[in-house]
Every structure is written in structure tokens, then in C-alpha cells.
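J.: Let me give you the structure first, and then I'll get to my questions.
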Amino acid sequence: MNIGLEAVGLEGCIYCGACFRNCSLNAYSELDGLELKSLVSAVTRITRRGVRSEKDKAIIELLERCTLQGDCDKFCPSLVQPVLRNKIAKSKISEEGGK
Amino acid sequence: MTDYTDLKREVWDTDMCSGCGACVGSCPLEALHFRGDDNPVFDGLCSKCSTCYSVCPRTERDAAVKVSRAPENASSIGSYKGRYFARSSDFQIIKRAQGYGVVTSVLKHILDEGVVDAAFVVTSDLFMNTRPMIARDFSDVKKSARVKYIWTPVLSKLREAVLDESVESIAVVGVPCVMQALEMLDQSKLGLYKKKIKLRIGLFCWEIFRHILISEMIHKELQLDIDPRRIWMFDIKKGKLVVELMDSTEYFIPLGTASRYARSGCNFCVDFTSEWSDISVGNAGAPKDFLTVVTRTGLGEGIIQDMIGGGKLVTGEFDESVFALAEVVNKKKKQRIKNFASPVKEKD
């Protein structure tokens with residue numbers, strides 16, 4: 001499932017959290033700055049390498065809130081495509097049985 | 001990992017902040033703001049992404065870069081492709097704008113020709129309260145035509161501009177610290193900003209004056225009480241700050257005196273001719289009725305050549321008086337470089 005990974009532009013990510021902060025569904029409004037950073041970091045890791053630990057359960061729950069609507073893309077200052085990233089992450093979680 | 005607290009400690013609290021607004025205008029979580037104070041304030045969330053720190057031209061890390069760069073340029077006005085004495089060929093522009101209409105004409109040209117589809121400029125109200133604005137056509141540009149020398153955190157609205165999906169390419173007009181910050185943005189990972197900011201038009205600048213001190217400066221130094229609404233514009237000519245009123249009356253304040261009303265952060269700037277721009281423009285070095293125009297990149301040179309070829313700019317015979325400017329710049333640079341040795345002590 002590495003198809004599309006290059007197109008996401010993960011190497012440009014500055015882990016600012018603007019993608020989740022600007023979610024049009026307001027799904028992540030309770031997270032503070034460092035939590036946003038941790039979430040981006042974990043989703044990026046899952047996107048790259050899949051689910052690795054029990055700790056990812058919390059991240060998976062958070063990611064389930066994402067409907068891939070796509071409004072977050074335009075807020076990324078470093079031209080990462082958060083929707084595609086989340087889509088790949090969700091796909092990897094699904095492939096691995098959502099562990 | 002750096003964040004706004006590092007910026008606060010290194011730049012804001014030491015009065016080194018140039019007020020360019022880059023940190024405010026690039027914070028992805030929009031947590032930095034100017035609220036009438038000299039320095040930005042933090043109010044919001046911080047994810048420690050380091051963006052604010054990485055775009056600041058005054059941090060310890062970057063100050064070292066700028067200072068180390070200075071000696072190699074000490075005998076010049078920075079690298080350039082071309083040098084001109086120029087003015088607008090459009091009398092209506094000259095009449096309305098400042099500095100013989102060069103910048104206004106360049107903005108008109110690049111918007112008309114589609115080089116960019118928006119320009120980031122500064123406008124003001126009748127009380128000379130300035131603010132950044134996005135100009136999309138010449139009628140917008142005209143609103144910015146005579147605003148100069150009053151501090152405006154130009155880049156503080158930059159995020160708004162780059163997030164505007166109707167804007168694909170932007171030109172930014174600003175003083176040297178603004179150009180330095182744009183260079184820092186260009187070196188950062190902020191691809192969205194790099195993609196959209198296409199042209200930098202830099203202004204010559206010795207220092208920038210704080211709005212709050214304008215009336216105080218005029219009252220104290222000129223012994224006058226002038227309603228700001230009567231001020232047509234500020235200009236700098238032959239070592240003096242010129243206050244020109246609507247009725248064309250001019251008052252002069254020696255720059256040495258006027259400097260007391262400048263932003264303290266200006267003392268830490270060693271760039272007076274916008275060396276990090278594509279095109280830089282200023283009075284210094286120019287003969288009567290012209291401005292000095294320095295092109296520094298192929299893009300900038302191409303635009304100026306197009307304008308000269310198309311009769312939009314009139315050029316004067318170039319002489320070497322611009323070297324006199326280089327000497328002045330050199331001397332000033334050396335003075336300012338000393339300020340970097342102990343910035344906190346300098347503040348005292």
C-alpha cells in the first residue's frame with residue numbers, strides 16, 4: 001500500500017496540526033497544540049509504516065472522526081495532502097484489522 | 001525544537017524585532033497577533049512546529065547569517081543585475097504616488113500583464129493608520145501609493161493572502177526586513193508560501209517610524225500641532241525626513257533626530273537597500289526627479305527592461321553617484337554590525 005504515498009508530500013510536513021485544527025467538521029477542536037502535533041506525527045507514522053503498537057488505538061479512534069471531506073488540504077502551509085494521508089492511514093488500519 | 005517562547009526570549013524581549021509580521025502571518029495555528037504593541041503576542045495554541053522561529057530574520061541563528069553576510073557586501077549595495085535611475089512615464093501616477101511613481105508603475109505593470117494576480121501592499125486611513133492590504137488591480141494599488149516610512153507589520157496578513165484560493169501568485173512590497181523574512185520563508189518548508197510569492201519589491205530603508213510617535217515627533221521637533229489628516233506623505237531626502245502636508249508645505253527633520261522615533265529593532269538591521277528583493281527602489285543615490293532602481297534577479301531585471309522598452313518607465317543617464325550611496329551604506333552597515341555584539345546591552 002505504498003501507492004500514492006509520494007503524492008502525499010509527507011517529507012514536507014512540519015507537524016503543525018493545522019490540518020486537524022481546521023477540520024471543517026470541527027472534529028478535533030478539543031485537542032491542544034501538542035496533542036495536534038502528536039496526532040499528526042502518529043497518523044504520519046501509520047501512513048508510512050502501518051499500525052505498530054497498542055498505543056495506536058487512541059489514534060485510530062481519533063482518525064475515525066475524519067470523513068475525508070477534504071477541506072483541510074487548503075490549510076496545509078507545506079503542501080502536504082492531509083486527506084490523502086488520512087485515506088492511506090485509514091486504509092492501512094483497515095488492512096490490519098483495526099488493531 | 002523551537003517555538004514562540006524562543007522567539008520571545010531572543011527577539012521580542014531584546015527589542016530586536018523588526019515588526020515585519022512574518023511570525024504572525026505564518027503561524028499555522030494563527031496564535032500570534034499584533035495588538036497595538038511593538039511586539040507580537042501569543043494567544044492560542046502552539047504545536048511547537050518552529051515556523052515562527054524559522055521565518056524570523058532576527059533570531060540568533062539568522063542574525064549570525066546576516067551579519068556574516070554583511071562584510072562581503074560592505075563595499076557595495078548587494079548583488080545586482082542592473083542599476084537604473086528611473087521614474088514613471090505616467091504623469092497621473094507621479095502626481096498621486098510617492099517617489100516618482102516607480103513602485104506604483106511596477107505594480108500596475110505586473111498586475112496588467114498578469115505577472116502576478118495580487119500584490120501585498122500597505123494602505124492607510126486619513127489618520128495615517130497603516131495596514132497591509134491585497135491589491136488585485138490598479139484601483140487598489142492607488143490606495144497604497146503614498147504610504148511609506150510608518151511601521152506596518154506587512155507580513156502579518158500573509159497567511160490570509162496565501163490561503164485565498166483565488167490568488168495564485170503574489171508580489172510583496174516592503175522594506176528590507178520584510179524581504180529578509182520572505183527569504184527565510186523561501187528557505188523554510190512552507191511550500192504554500194513559496195509557491196504563491198512570486199516577486200519581491202524592496203524599498204530602501206534606514207529605519208521605520210512608529211505611528212504612535214508621529215504626532216509626538218512633529219510636536220516636539222517642529223514645535224507644531226498638525227492634524228495627521230493634513231499630512232500628505234512622509235519622504236526622505238538628503239538626510240532629512242520630509243513631512244509634506246496636503247497644501248504642499250514641507251517640514252524637515254534631520255534623520256539623526258527622527259531616528260529617536262524609529263523602531264528600536266531597526267538598530268539591528270544591516271540591509272538598507274533590500275538586498276533580498278527582486279527589484280529594490282529608493283531615493284538614495286538618485287539625481288533630481290528620479291529614483292534609484294536596482295534589479296537583483298533575472299525576474300526583476302526582465303520586468304524593468306520590459307517596462308523601459310514599453311515606455312512605462314523613463315530612465316535617466318546612469319552615473320556613478322550610486323557609488324556614493326554604497327559608501328553611505330557601507331558606513332552605516334559597519335555601525336549597525338556592532339549592535340550584534342551585545343544586543344541586550346545595546347537596548348540599555
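The values are calculated or read from the model by the stated rules, or taken from the named source; none is laboratory data. Values in this document were obtained by computation on a predicted structure and should not be read as measured data. Backbone-built Cβ (ideal geometry, glycine too); neighbour counts: all protein chains shown.
J.: Of (1) within 14 Å of another protein chain (Cβ to nearest Cβ); (2) part of a helix (DSSP H, G or I); (3) surrounded by 12 or more Cβ atoms within 10 Å (Cβ to Cβ), A:Y15 satisfies all except one. Which?
T.: Among (1) within 14 Å of another protein chain (Cβ to nearest Cβ); (2) part of a helix (DSSP H, G or I); (3) surrounded by 12 or more Cβ atoms within 10 Å (Cβ to Cβ), A:Y15 violates only (2).
J.: Cβ contacts < 7 Å: first residue on the phi > 0 side of the Ramachandran plot, restricted to the stretch B:121-136; second residue part of a loop (DSSP other than H, G, I, E, B) and at pLDDT 90 or above, any location; separation 6+ or different chain. Result?
T.: Nothing qualifies.
J.: Continuing with the same structure: Take the residues in the stretch B:86-123 that are in a helix (DSSP H, G or I) and in contact with a Gly (Cβ under 6 Å, 6 or more places away or on another chain), then tell me which one is surrounded by the most Cβ atoms within 10 Å (Cβ to Cβ).
T.: We begin by selecting, within the stretch B:86-123, every residue in a helix (DSSP H, G or I); these are B:91-96, B:99-112.
Remaining after also requiring in contact with a Gly (Cβ under 6 Å, 6 or more places away or on another chain): B:93-94.
Details: B:I93: 23, B:I94: 19.
Step by step, filter the stretch B:86-123, then rank; the result is B:I93.
J.: List the number of the failed condition for B:T104; all other conditions in (1) in contact (Cβ under 8 Å) with a residue 40 or more places away in the chain; (2) over 24 Å from B:G285 (Cα atoms) hold.
T.: Failed condition: (2).
J.: Please determine, by comparing only the residues of the stretch B:134-186 that are closer than 25 Å to B:R260 by Cβ and among the basic types (K, R), which one is surrounded by the most Cβ atoms within 10 Å (Cβ to Cβ).
T.: In this case the residue turns out to be B:K148.
J.: A follow-up question, please. Would you mention how many residues in the stretch A:39-50 are over 10 Å from the mean Cα position of the chain (by Cα) and closer than 30 Å to B:D186 by Cβ? Write out each step before concluding.
T.: Of the residues in the stretch A:39-50, the ones over 10 Å from the mean Cα position of the chain (by Cα) are A:48-50.
This time we only want the ones that are closer than 30 Å to B:D186 by Cβ, so: A:48.
So the answer is 1.
J.: Please find, among A:S24, A:S38, A:S29, the residue that is of a type in the set (G, A, S), touching a helix residue (DSSP H, G or I) at 6+ places or on another chain (Cβ under 9 Å) and closer than 21 Å to B:S50 by Cα.
T.: From the options A:S24, A:S38, A:S29, the qualifying one is A:S38.
J.: Could you grab me the full set of residues in the stretch B:267-280 that are in a helix (DSSP H, G or I) and under 12 Å from B:P57 (Cα atoms)?
T.: Taking the stretch B:267-280 as the starting set, the residues that turn out to be in a helix (DSSP H, G or I) are B:267-268.
B:F268 - this is the single residue of the stretch B:267-280 that is in a helix (DSSP H, G or I) and under 12 Å from B:P57 (Cα atoms).
J.: Right, here's the next one. Could you say which residue among B:L192, B:L185 is within 14 Å of chain A (Cβ to nearest Cβ), outside any loop (DSSP other than H, G, I, E, B) and either farther than 17 Å from B:W276 by Cα or without any contact (Cβ under 8 Å) to a residue 40 or more places away in the chain (or both)?
T.: Working: B:L185 fails: either farther than 17 Å from B:W276 by Cα or without any contact (Cβ under 8 Å) to a residue 40 or more places away in the chain (or both).
Selected residue: B:L192, the only one of B:L192, B:L185 that is within 14 Å of chain A (Cβ to nearest Cβ), outside any loop (DSSP other than H, G, I, E, B) and either farther than 17 Å from B:W276 by Cα or without any contact (Cβ under 8 Å) to a residue 40 or more places away in the chain (or both).
Residue-wise test of (1) more than 14 Å from every other protein chain (Cβ to nearest Cβ); (2) farther than 26 Å from A:E35 by Cβ; (3) within 19 Å of the chain's Cα centre (by Cα); (4) modelled with pLDDT under 85.
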position: B:M1; (1), (2), (3), (4): no, no, no, yes
position: B:T5; (1), (2), (3), (4): no, no, no, no
position: B:V24; (1), (2), (3), (4): no, no, yes, no
position: B:K48; (1), (2), (3), (4): no, no, no, no
position: B:R61; (1), (2), (3), (4): yes, yes, no, yes
position: B:K66; (1), (2), (3), (4): yes, yes, yes, yes
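J.: In this structure, is B:S144 away from every other protein chain (no Cβ under 14 Å) and small (G, A, S)? Lay out the reasoning, then the answer.
T.: Working: away from every other protein chain (no Cβ under 14 Å): yes; small (G, A, S): yes.
In short, yes.
J.: May I ask you to list the residues in the stretch B:218-266 that are touching a residue at least 24 places away in the same chain (Cβ under 8 Å), in a strand (DSSP E or B) and not small (G, A, S)?
T.: B:I231, B:W232, B:M233, B:F234, B:D235, B:I236, B:K237, B:L241, B:V243, B:Y251, B:I253 - these are the residues of the stretch B:218-266 that are touching a residue at least 24 places away in the same chain (Cβ under 8 Å), in a strand (DSSP E or B) and not small (G, A, S).
J.: Does the stretch A:20-40 contain at least one residue that is in contact with a Leu (Cβ under 9 Å, 6 or more places away or on another chain) and of a type in the set (V, I, T)?
T.: The answer is no; no qualifying residue exists.
Listed here are the residues, each with its yes/no results for (1) more than 14 Å from chain B (Cβ to nearest Cβ); (2) under 30 Å from B:A161 (Cα atoms); (3) part of a helix (DSSP H, G or I); (4) more than 10 Å from the chain's Cα centre (by Cα).
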site: A:R52; (1), (2), (3), (4): yes, no, no, yes
site: A:A58; (1), (2), (3), (4): yes, no, yes, yes
site: A:C66; (1), (2), (3), (4): yes, yes, no, no
site: A:Q69; (1), (2), (3), (4): yes, yes, no, yes
site: A:S78; (1), (2), (3), (4): no, yes, no, yes
site: A:V83; (1), (2), (3), (4): yes, yes, yes, no
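J.: Being surrounded by fewer than 21 Cβ atoms within 10 Å (Cβ to Cβ) and β-branched (V, I, T), is that true of even one residue in the stretch A:37-48?
T.: Checked the stretch A:37-48: at least one residue is surrounded by fewer than 21 Cβ atoms within 10 Å (Cβ to Cβ) and β-branched (V, I, T).
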